[in-house]
């Protein structure tokens, strides 16, 4: 395989993408570029080596930025495919003109070949640019000082090139071209050192069409190259940059804004014409990559990508043990075919086929053909022997069906010969490659091009040394199809048939919309083994074939009249047995090509269609389907059925008679009489070709019998007789039922037909002349096929409820299986509104994939739900009944429908069936999701807390989402509709904490709590979702008991939803649901504390301090977190014999307030002050188990007690 054409070898049966032929060039090929940056990547992300060097020398680059925004250059639409897009120093973007600090560039690390003047003393560099601004550096090699080598930049609207000598001195020349922004230009720079200290430079600018618009040149002498004129001694360590220049390892300046494309660096001086050729060179972009199919047959057998057939002999193409596709054995008179299951678009495409070919083991014949055919025609191989399975033959064999091109590898020599009915040729040419053109049947397949006898010969491969062939078809130019053939016998590809235009021959058919690729193998009197391997088909466009019709079947009654059209039925089969029809729309092309009403292309819907043929010549006409869209499975054979006979290709002959009985039985409803049907005794008028009466005004005995067509005579659960004029007629053509018909004026009689079943039937009638009627020998056949459809479908269920509302009793759960019965029934009377009462059945009704659906009756406007199964298959049975395990996803009362698709039953439409109301369906369970809520502290100004004994409310009440579910776990939207919601507030059973779950009292017992809980609120959050909220006024409090005097705790209170069960018994699936509300605060055992005070009775004021305290685990301490609790002196009582209490009030700040102001009354003695406070500020000061209000003593007078008394009992 030519390595310049294909980049990757793939294993068996894979698709790949390969670039079109573009030879790689490396440093050893001085004519090619040493660096080539096409910038065709999809995008750049700043990764190493992402800017690819196509020269093969590995000078890959990296997109980079020197800016602060992190923005990178990227690729964009270019001059040739993509280009690099650089945004210069920066740009503004967005609705607010936000500035982006760009400073984009691409960096390519240094390599010796990037400094051609130091290697070969000559260089060229060129590429396309399109500037957004007429300044900035396009490319630069070096990093400052003496390391600088060359630069191309825009300055003041002019393009300049600069070279630096060995000392780092610059030499610049400009091109005298007037440049504009947003225009593509090509620059080409050449430089050459003819001797040591001289440099000749030229810069050329071309416009978009490749025409020169400016040139600049100079001859610098001296140009100091280095000691001894050796430029190679110059330091050349700098990187090559695109869109920026460098004056130090990290210095990047003078950024270019615009696009760069197709930069090429050479190590020689290009001529002006070469520069122009580089500018004008194009190639297919990624959108035009070749898509490839590969098969090396390593799997050991043919995959589904191939369809094979045999038309002569008993050998079918297969993969042999040697891992090759064998097309023939070395056995005489074999004809085989293999078609690839890929569609190849014909127009605007490039197709390249390569394969290894082996021919050996016999005495030299015949060969193979590589055929491209019109995909609209089902591939069928042509004749064997010298026609190689492609061309026709005068023994009656047609050529390749739909054949457009057949490339023959002809060993014996007759494929070039104009013999045996083949058209065109140059005579007998053994060992030749020949191209024959398009054809149909016995016409065409003309010789177009061919070789003389080849050496080595076609079959000189042996079993191990294949020849590799390449066939190319190029239709990219309108009106052309260029074909060539090449071969590699070991020394590389050689052209066998030079490129020629297939369409130049006036007899060649236009390029079809799509091709199919087929291989045909053939032997005759002489033989060879013919094998292929390593097949690779590549094309710009290569598509899967998609769904295909397996084959077609044509049903006809075997009898037709030349004086009137005859209608046949065409079935598109989805599988070999045709027990499944191809139900997508199909266009079928019929044969013969003439005589069909509306043309020979018919539309087939849901697998069945009809076509009407007019033929005015008595005799047999062969019916066929020669192609279709979507396509038919390659090598498929059309099968035909006469009446209820066997399916066979041999039954495709339809006999036309000049006289007979003409009648048309309309399509019937099962059990319903047809009404009058005319039976006409006719013959063909020789002049007008029309039907005229054969006799009239006479009574004639007509022999009637019926034929079961679909279903046929076998596999029927019941066989009911067809009825004509209230007489059951025979089904035996040898023992027909004779009815006397009165043929009146115009030769017309009438009959009435009734069929008490469903299916396709054929009514046959024959009049036989006799001596008594003086028409002995006259045979007048007649027949017609018709379809009898059920009157409809009876759909029923045990859960029917006539009320059709919420009062219906429980039936089954949503999503639970129940019996749904569908019976195919016949007609009972016109206007019949209840098909489930008294209607006869139709045992032979069979239909696949009848859609099922549900429609909600109640709640009104509710969801219809989803009925499972979505469809069912009605099979034949004695009771015509199917009982389905059905389920519906919703709650409510429903009607269920079975609605056959229009035209789905033998091309006819069966009326739908709909049930009575069924239900009530109810949920399987509730799914409960709890939001635990959050408790709210009494005070949260500082450290959040609540006092023991103080009620704790909800900051956020807990919430339950209660979702009624089906058995499958889907939400039942209808449950929340009026009448169908059976859950009430009382059905949500809850329990509440009696103690903290973690903390203990000081006796190591439960730390008790009490609750005050309301009933909660139940509402509808959205359809099918209930919401239960705890009451906003609910409270919980830690009991203020003496044993509750413990260090501060964080609440740990467990609530529970014990059960959720509605009136129908639907329950929550995982109850009880326990949860602990969030409580991010402390509970503190607190009290209000007052100090005892004393003082003279004659002072103005005696102050009594007070504060709020809490038990920290070892003692009471000031509750500095309390800046919330109010206080007032109006709650203070006690004795006032010796003082008056000043009125005051306020709020504690950091647990402190007051002091109280006592105004002495002038007498001596002690008063007691008692502060009436809430329970949570009381304390059991005397440990008697009872909480007391805080109190203190105020003593007035000189005596304040003995100093040795160290304790006054607190009161």
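Between residue 1164 and residue 1142, the modelled label-to-label distance comes to 2.6 nm, taking each label 7 Å out from Cα in the direction of the beta carbon.
Largest first and in whole Å, the equivalent-ellipsoid semi-axes of region 926-1082 read 35, 15, 12, each the square root of five times a Cα gyration tensor eigenvalue. Summary value for region 551-657: 35 percent relative contact order, contacts being C-alpha pairs under 8 angstrom separated by 6+ residues. Put simply, when 1004-1013, 747-756, 1083-1092, 863-872 are sorted by average Cβ atoms within 10 angstrom per residue, most first, you get 1083-1092, 747-756, 863-872, 1004-1013. Counted residue by residue at 0.36 nm each, then reduced by the alpha carbon distance between them, the extension gain from residue 721 to residue 1130 reaches 136.2 nm.
Restricting the count to DSSP beta bridges whose residues both fall in the chain, what percent are antiparallel, rounded to a multiple of 5?
Numbers: 327 of 347 bridges.
Percentage antiparallel, nearest 5: 95.
Considering only the Cα atoms of region 363-404, their convex hull presents on average a projected area of 3.1 nm². A crude spin-label estimate for the pair residue 690 and residue 1069, with each label 7 Å from Cα along the Cβ direction, gives 7.6 nm.
Shown here are the Rg and Dmax of the Cα trace of region 328-459, at 14.0, 42 Å. Shown here are the Rg and Dmax of the Cα trace of the chain, at 50.1, 166 Å. For the peptides 75-86, 406-417, the ranking by mean Cβ contacts within 10 Å, running from highest to lowest, is 406-417, 75-86.
Expressed in units of 2.2 N^0.38 Å, where N is the residue count, the Cα radius of gyration of region 661-789 is 1.09. For the Cα trace of region 1086-1196, dividing Rg by the Kirkwood Rh returns an Rg/Rh value of 0.98.
Given their separation in residues at 0.36 nm each and the Cα-Cα distance between them, residue 100 and residue 997 gain 317.0 nm when the chain is fully extended.
Which order, highest average first, do 155-161, 558-564 follow once you tally other Cβ atoms within 10 Å for each residue and take the mean per peptide?
Values: 155-161: 17.7, 558-564: 21.7.
Packing order, densest peptide first, comes out as 558-564, 155-161.
With a simple spin-label model that places each label point 7 Å from the Cα along the Cα-to-Cβ direction, the separation between residue 1174 and residue 617 comes to 11.4 nm. Given R0 = 56 Å, the distance between the Cβ atoms of residue 967 and residue 577 translates into a calculated FRET efficiency of 0.90.
Normalising by the residue count of region 661-789, find the relative contact order in percent from Cα pairs under 8 Å and 6+ residues apart.
Computed value for region 661-789: 36 percent relative contact order.
Sorted fewest first by neighbouring Cβ atoms within 10 angstrom, 897, 1114 come out as 1114, 897. For a modelled paramagnetic label at residue 182, 7 Å from Cα along Cα-to-Cβ, the residues of region 247-268 in reach, with backbone nitrogen under 19 Å, are 257-260.
As a ratio to 2.2 N^0.38 Å, the alpha-carbon radius of gyration computed for region 34-281 takes the value 0.95.
Under 19 Å from the 7 Å Cα→Cβ point of residue 215, by amide nitrogen: which residues of region 102-146? Correct set: 123-127.
Run the numbers on the chain and let me know its relative contact order in percent, using alpha-carbon pairs under 8 Å that are six or more apart. Taking the mean separation of contacting Cα pairs over the length of the chain, I get 6 percent. Geometric descriptor of region 410-460, per residue, is 63 Å³ (volume of the convex hull of the Cα atoms).
Fully extending the segment from residue 828 to residue 1035 would add 67.3 nm, taking 0.36 nm per residue of separation and subtracting the current Cα-Cα distance.
What are the semi-axes of the equivalent ellipsoid for region 551-657, taken as the square roots of 5 times the Cα gyration tensor eigenvalues, largest first, in whole Å? Show your work: numbers first, answer last.
On the way: eigenvalues 97, 45, 25 Å².
Semi-axes, largest first: 22, 15, 11 Å.
Rule-based calculations on the coordinates, nothing more; no lab input. This structure is a prediction, so every number in the text was calculated from the model and none was measured. No Cβ is skipped: glycine too gets one built from the backbone with ideal geometry, and neighbour counts run over all protein chains shown.
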